[in-house]
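Data block below; observations after.
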Amino acid sequence: MARKIGAKPETILAMNGLDPDRRLRAGQSIYLPVRARELGKLLAQSDNASVYYAVRKGDTLYSIAKKKGLTVAELRELNDLGKNATLRIGQKLRVEAPRTLSAGGM
(Lines give C-alpha, C1' and ligand atoms only; values in the text may rest on other atoms or scores of the structure.)
Protein backbone atom coordinates (compact mmCIF):
# COMPACT_ATOMS: atom_id res chain seq x y z
CA MET A 1 0.00 0.00 0.00
CA ALA A 2 2.85 2.41 0.77
CA ARG A 3 4.13 2.33 -2.81
CA LYS A 4 0.63 2.73 -4.22
CA ILE A 5 0.02 5.96 -2.30
CA GLY A 6 3.54 7.30 -2.80
CA ALA A 7 4.61 7.02 0.84
CA LYS A 8 7.56 5.37 2.49
CA PRO A 9 6.82 2.33 4.68
CA GLU A 10 8.82 3.99 7.46
CA THR A 11 6.42 6.95 7.39
CA ILE A 12 3.40 4.70 7.81
CA LEU A 13 5.09 2.74 10.61
CA ALA A 14 5.99 5.96 12.44
CA MET A 15 2.50 7.48 12.03
CA ASN A 16 0.99 4.40 13.64
CA GLY A 17 3.66 3.60 16.24
CA LEU A 18 4.16 0.17 14.65
CA ASP A 19 7.11 -2.17 15.06
CA PRO A 20 8.64 -2.98 11.64
CA ASP A 21 9.20 -6.59 12.74
CA ARG A 22 5.50 -7.24 13.45
CA ARG A 23 2.82 -8.00 10.90
CA LEU A 24 -0.52 -6.21 10.85
CA ARG A 25 -3.57 -8.23 11.83
CA ALA A 26 -6.47 -8.60 9.42
CA GLY A 27 -8.98 -5.83 10.14
CA GLN A 28 -6.46 -3.66 11.99
CA SER A 29 -6.91 0.06 11.27
CA ILE A 30 -3.96 2.26 10.44
CA TYR A 31 -3.45 5.90 9.53
CA LEU A 32 -2.20 6.71 6.02
CA PRO A 33 -0.64 9.99 4.87
CA VAL A 34 -3.38 10.84 2.33
CA ARG A 35 -6.73 12.56 2.40
CA ALA A 36 -9.75 10.24 2.60
CA ARG A 37 -10.94 11.37 -0.84
CA GLU A 38 -7.59 10.44 -2.41
CA LEU A 39 -7.51 7.10 -0.59
CA GLY A 40 -11.01 6.30 -1.83
CA LYS A 41 -9.92 6.87 -5.42
CA LEU A 42 -6.83 4.69 -4.95
CA LEU A 43 -8.83 1.86 -3.44
CA ALA A 44 -11.51 2.09 -6.12
CA GLN A 45 -8.86 1.73 -8.83
CA SER A 46 -7.32 -1.37 -7.27
CA ASP A 47 -10.09 -3.89 -7.91
CA ASN A 48 -12.92 -2.19 -9.74
CA ALA A 49 -13.71 -5.36 -11.71
CA SER A 50 -14.80 -7.25 -8.61
CA VAL A 51 -17.01 -4.39 -7.39
CA TYR A 52 -19.23 -4.15 -10.47
CA TYR A 53 -20.99 -6.66 -12.70
CA ALA A 54 -22.03 -5.96 -16.30
CA VAL A 55 -25.51 -7.31 -17.00
CA ARG A 56 -25.63 -9.95 -19.76
CA LYS A 57 -28.47 -11.27 -21.86
CA GLY A 58 -30.68 -13.54 -19.74
CA ASP A 59 -29.49 -12.18 -16.38
CA THR A 60 -32.00 -11.56 -13.63
CA LEU A 61 -31.55 -9.93 -10.26
CA TYR A 62 -31.87 -13.39 -8.74
CA SER A 63 -29.24 -14.99 -11.00
CA ILE A 64 -26.75 -12.16 -10.44
CA ALA A 65 -27.34 -12.15 -6.68
CA LYS A 66 -26.84 -15.91 -6.53
CA LYS A 67 -23.57 -15.74 -8.55
CA LYS A 68 -22.21 -13.02 -6.27
CA GLY A 69 -23.35 -14.50 -2.95
CA LEU A 70 -25.96 -11.81 -2.29
CA THR A 71 -29.67 -11.77 -1.69
CA VAL A 72 -31.89 -9.96 -4.20
CA ALA A 73 -32.66 -7.42 -1.45
CA GLU A 74 -28.93 -6.74 -0.94
CA LEU A 75 -28.38 -6.35 -4.68
CA ARG A 76 -31.33 -3.93 -4.91
CA GLU A 77 -30.02 -1.94 -1.95
CA LEU A 78 -26.46 -1.70 -3.32
CA ASN A 79 -27.86 -0.28 -6.56
CA ASP A 80 -30.86 1.72 -5.32
CA LEU A 81 -33.18 -0.43 -7.45
CA GLY A 82 -36.91 -0.41 -6.85
CA LYS A 83 -39.20 -3.44 -6.93
CA ASN A 84 -40.12 -2.83 -10.58
CA ALA A 85 -36.59 -2.10 -11.84
CA THR A 86 -35.65 -3.65 -15.17
CA LEU A 87 -32.16 -4.64 -16.18
CA ARG A 88 -30.47 -3.54 -19.40
CA ILE A 89 -27.70 -5.48 -21.15
CA GLY A 90 -24.39 -3.77 -20.33
CA GLN A 91 -25.76 -2.07 -17.22
CA LYS A 92 -23.17 -1.97 -14.42
CA LEU A 93 -24.41 -3.19 -11.07
CA ARG A 94 -22.50 -2.85 -7.83
CA VAL A 95 -22.06 -6.34 -6.39
CA GLU A 96 -19.79 -5.48 -3.48
CA ALA A 97 -20.43 -3.04 -0.65
CA PRO A 98 -18.33 0.13 -0.73
CA ARG A 99 -15.31 0.08 1.57
CA THR A 100 -15.51 2.11 4.73
CA LEU A 101 -12.77 4.68 5.11
CA SER A 102 -11.80 6.88 8.01
CA ALA A 103 -9.52 9.86 7.78
CA GLY A 104 -8.37 9.90 11.42
CA GLY A 105 -7.53 13.54 11.98
CA MET A 106 -6.03 14.39 8.61
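Give the residue, chosen from Y52, Y62, that is at pLDDT 80 or above and under 15 Å from the mean Cα position of the chain (by Cα).
Just one listed residue meets the conditions, Y52.
Would you please list the contacts, defined by Cβ atoms under 8 Å and residues six or more apart or on different chains, that run from a residue in region 85-103 that is over 18 Å from V72 (Cβ atoms) and of a type outside the set (S, T, N, Q) to a residue that is in a strand (DSSP E or B) and at pLDDT 70 or above?
Filtered contacts from region 85-103: G90/A54.
Among the residues in region 21-40, are any hydroxyl-bearing (S, T, Y), surrounded by 13 or more Cβ atoms within 10 Å (Cβ to Cβ) and either at pLDDT 85 or above or within 19 Å of the chain's Cα centre (by Cα) (or both)?
Scanning region 21-40, I find at least one residue that is hydroxyl-bearing (S, T, Y), surrounded by 13 or more Cβ atoms within 10 Å (Cβ to Cβ) and either at pLDDT 85 or above or within 19 Å of the chain's Cα centre (by Cα) (or both), so the answer is yes.
The values are calculated or read from the model by the stated rules, or taken from the named source; none is laboratory data. Values in this document were obtained by computation on a predicted structure and should not be read as measured data. Backbone-built Cβ (ideal geometry, glycine too); neighbour counts: all protein chains shown.
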